[in-house]
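A.B. asks: Dropping a structure here in structure tokens format, bear with me for questions.
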Amino acid sequence: MSLHSDARPAGQPQAKRPPIPVKILISGGFGVGKTTTVGALSEISPLSTEAPMTSASIGVDDAGVASQKTTTTVAMDFGRVTIDESIILYMFGTPGQDRFGFMWNDLADGALGGVVLVDPSRLEDCFVALDYFESIKLPYVVAVNSFAGRATMTLDQVRHAVNVDPDVPVVAVDARDREQVKAVVLTLLRRILARAKARNQR
Ligand SMILES: Nc1nc2c(ncn2[C@@H]2O[C@H](COP(=O)(O)OP(=O)(O)OP(=O)(O)O)[C@@H](O)[C@H]2O)c(=O)[nH]1
Ligand SMILES: [Mg+2]
């Protein structure tokens, strides 16, 4: 995985700098695949804080008709992946239930960007995350997790429905597939870099 081309003049030894830590958030509605996403890409055993769902979620949280979900993330997910020799990515998954929303400010502290996972069969669930990222001006990408075709919507239809800016990437992902999650994260890192460059030029 690499974001950079090596721009050193020929013959010059490579400077050994420690990799830059980059923190990102993996967010979205309840049961949309945040914990699965972090686990798919992490090169360390992901830390997760799964707990059995309690009666507090009955009638409040709906993970979709096909869901066998019995646990939920109550604090956060944490995973790490080396992007290349210059970047180490730390992924923080947010809890899905609204009642844990008070955690978000702490989780977002120091984050450079975020992924908003969207299930097209429960589109409205992503708005809390979208609104939050917009409000703190965090660059983000929208990743559409169709749960093997549970709902069929084109990426353009999702973009239209969630009404994000034209420069926000909207991409497809199967949260269980490491390569697809990796592609989403690289899209986010490119967006973070592009935003940072645009800021510096102002
Ligand atoms: N078919 C399919 N199932 C998925 C996919 N992503 C996640 N799942 C399943 O969906 C369920 C919920 O996934 P989680 O990763 O726990 O979702 P979450 O967003 O972390 O859930 P909360 O933390 O409770 O909000 C699990 O049973 C996963 O195995 C996917 O891309 N395709
Ligand atoms: Mg979770």
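What follows draws every value from the coordinates through simple rules; no lab data is involved. Just so you know, these numbers come straight off a predicted model, no measurement behind them. Note that we place each Cβ from the backbone using ideal geometry, even for glycine, and neighbour counts take in every protein chain shown.
A.B. asks: Tally Lys and Arg at +1 and Asp and Glu at -1 over the other residues with C-beta under 12 Å from the C-beta of ASP167: what net charge comes out?
C.D. replies: Result for the local shell: +3.
A.B. asks: Ok, one more. What does a probe at ASP167 reach in the range 174-188, counting residues whose amide N is under 17 Å from the point 7 Å along Cα→Cβ?
C.D. replies: Under cut-off, by backbone N: 187-188.
A.B. asks: Hey, how many Å between the Cα centroid of the range 151-193 and the Cα centroid of the range 12-53?
C.D. replies: 17 Å
A.B. asks: I've got another one for you. Could you check the simple spin-label distance between SER135 and ASP84, using points 7 Å along Cα→Cβ, in nm with one decimal?
C.D. replies: 3.6 nm
A.B. asks: Let me ask something additional. Residue by residue through the range 163-179, what is 3J(HN,Hα) from phi via Karplus (6.51 cos²θ - 1.76 cosθ + 1.60, θ = phi - 60°)? Round to whole Hz and write x for glycine and proline.
C.D. replies: Taking θ as phi minus 60°, the curve returns 6, 8, 4, x, 8, 7, x, 10, 10, 9, 8, 9, 5, 8, 9, 4, 5 Hz for the range 163-179.
A.B. asks: Taking the Cβ of each residue in ARG17, ARG122 as the centre, tally the other Cβ atoms inside 10 Å and list the residues starting with the fewest.
C.D. replies: Details: ARG17 8, ARG122 19.
Neighbour counts put them in this order, fewest first: ARG17, ARG122.
A.B. asks: While we're here: Tell me the label-point distance for the pair THR152, ALA183, using the 7 Å Cα-to-Cβ offset, in nm and rounded to one decimal.
C.D. replies: 2.0 nm
A.B. asks: Shifting gears a bit: Explain nothing, just compute: Karplus ³J(HN,Hα) = 6.51 cos²θ - 1.76 cosθ + 1.60, θ = phi - 60°, for every residue of the range 68-85 in order, whole Hz, x for Gly and Pro.
C.D. replies: For the range 68-85, the Karplus curve yields 10, 4, 10, 10, 9, 7, 9, 9, 5, 10, 9, x, 9, 8, 7, 7, 7, 5 Hz.
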